[in-house]
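We did not get these values from a lab; they are worked out from the coordinates using the rules stated. Since the model is a prediction, treat every value here as computed from it, not as a measurement.
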Amino acid sequence: MSSRTARIQPSILAADFANIQTEVERIASADGVHVDVMDNHFVPNLTFGPQMVEAVQRISPIPLDVHLMISDADRWAPGYAELGVFSVTFHAEATSDPVALARRLREIGSRASIALKPGTAVEPYLDLLPEFDQVLVMTVEPGFGGQSFMADMMPKLRALRAAAERHGIDLWLQVDGGIALDTIAVAAEAGADTFVAGSSVYGATDLDVAIAGLRTAASHAH
């Protein structure tokens with residue numbers, strides 16, 4: 001695992017929304033900004049829409065990783081890619097044709113990422129991995145920040161990493177939920193290389209130190 005780069009993407013769900021430009025600039029040493037789009041339908045919470053994503057995209061010093069926790073991803077996800085963001089993640093449970101959607105996102109110019117809720121089996125997607133740039137394994141139920149890390153998701157990560165190696169592809173494996181110094185190494189050891197962290201970054205006194213600490217802890221996991 002130590003040969004793999006560990007990427008830290010703080011979630012602005014944990015930031016101060018009233019000062020979003022400052023809050024994004026405070027994480028400039030991270031590898032990306034994780035933007036959680038929730039529609040109060042697919043998940044029981046409402047956050048940002050395209051206008052907010054476009055505004056963050058305009059001011060962010062680092063790439064945007066947009067996580068769509070929304071229904072009818074086939075219809076809405078391409079619009080987020082058209083904003084010019086680095087990566088768009090849609091949920092497996094919210095699309096009727098994940099491969100067609102991933103191809104559309106890539107065609108527009110965004111990286112295509114598929115997310116799996118804790119209860120969603122990984123097996124149906126293992127043969128489809130070359131169609132995606134990233135797979136997000138949710139280590140909490142999507143919808144709210146601050147939940148506890150679900151260690152029982154680690155076999156899912158191991159299966160994905162083994163399948164990616166079988167396919168011979170550079171697949172980013174992302175985890176989101178409860179990522180902190182005590183859990184990031186567990187996820188890294190299971191094969192994750194891209195980590196969404198909310199309160200463990202934004203709750204810290206020095207955000208750069210928190211980001212560097214997470215990156216080090218993940219990189220040293222074997």
- Hull volume per residue for the stretch 7-219, using the convex hull of the C-alpha atoms, in Å³ is 106 Å³
- Query: Of all DSSP beta bridges in the chain, what percent run antiparallel (nearest 5)?
  - Reply: 5 percent
- CD proxy at 222 nm, helix term only [per DSSP H run n ≥ 4: -39500 (n - 2.57); per residue of the chain; nearest 500]: -10000 deg cm²/dmol
